[in-house]
1. Given the options A:I16, A:I33, A:I48, state which has the largest fluctuation in a GNM of chain A using a 10 Å cut-off (strictly under) for Cα springs.
2. Calculate how steeply helix A:13-70 sits against the longest principal axis of the alpha-carbon atoms of chain A, using the helix alpha-carbon long axis, and give the answer as 0 to 90 degrees to the nearest 10.
3. Along Cα→Cβ, 7 Å out, is where each label goes; now give me the distance between the ones at B:S125 and B:K62 in nm to one decimal.
4. I need the calculated FRET efficiency for the pair B:K75 and B:K51, taking r as the beta carbon distance and R₀ as 45 Å, to the nearest 0.05.
5. Using a basic spin-label model with each label point 7 Å from the Cα along Cα→Cβ, how many nm lie between B:T36 and B:D118?
6. For the pairs B:K57/B:K108; B:K35/B:K59; A:K61/B:K57; B:K53/B:K75; A:K42/B:K108, flag any whose C-alpha to C-alpha distance is greater than 29 Å.
7. Chain A: D in µm²/s via Stokes-Einstein (Kirkwood Rh, Cα pairs, 4 °C, 1.567 mPa s)?
8. If I model a spin label as a point 7 Å beyond the Cα along the Cα-Cβ vector, how far apart are those points for A:N25 and A:D60 in nm?
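Only the coordinates and a few stated rules stand behind these numbers; no lab work does. Bear in mind that the values here come from a model prediction, so they are computed numbers and not experimental data. Note that we place each Cβ from the backbone using ideal geometry, even for glycine, and neighbour counts take in every protein chain shown.
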Amino acid sequence: MDQMPVFVRIHDPSEINQLVDELRNAIHETREILTTIDGLSKQEAEKIDAWRSNFAETRDKISVVTNTLLEPERI
Amino acid sequence: MAKKAKKKAAPKEEFFVAMNDPHVTRVSLLEARRKTLESMRVFQELKELRKQKIHEKSKLRKNLKHISATINKIKKTMPHINLPSEPKPKPVKKIVQIEKKPATLPPKPRSELDRIEDGLADIESKLAHLS
């Protein structure tokens, strides 16, 4: 059998229109939420990078102090 | 009694370290303190970000549920039609050796992910049937 067009009778087109509008809005909102989450993830990665570099600098500074106090012969 | 005990305790050996450049040590200590405080600030900001992210994720979950419910409503609103399907050629059966399992495991509780995967499989089979 060849592909035949199928005609579907819709009893309440306004209800369908409303539902489709609702669906469209929900999809739009979801896309916006995903963009927000993406932005937050990027910010989070930046913060973690900043944290890591801060930590490395703190470790360096502390090692200067500990070397001075505990191993003065090294300096 | 406590005073007597303190008096009896052996005097601690005193230890001095010569600091050739105390200024450098002081600056290093202060900078380390500054960096630690900055790290604490970053940590607080990170906590806020994560809280915000959790909030956004819950919004996303609600939205996805809403989308799913709306799709179901649309499906229910549309009239149900059974289209005649074309007969498909039967696939050739392959002889496969099935290994016997030692014991049957108790069924695992079905998670949300399992239900979603079942729904996807159902939709895919329907699409395959239509095409």
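1. Among A:I16, A:I33, A:I48, the largest mean-square fluctuation in the Gaussian network model of chain A belongs to A:I16.
2. That helix lies at roughly 10 degrees to the long axis.
3. 3.5
4. Working: r = 37 Å, r/R0 = 0.82.
For R0 = 45 Å, the calculated efficiency reads 0.75.
5. Those two pseudo-labels are separated by 5.5 nm.
6. Details: B:K57/B:K108 27 Å; B:K35/B:K59 36 Å; A:K61/B:K57 39 Å; B:K53/B:K75 33 Å; A:K42/B:K108 37 Å.
Result: B:K35/B:K59; A:K61/B:K57; B:K53/B:K75; A:K42/B:K108 exceed 29 Å.
7. Working: Rh = 18.9 Å.
Roughly 68 µm²/s, to the nearest whole number.
8. 5.5
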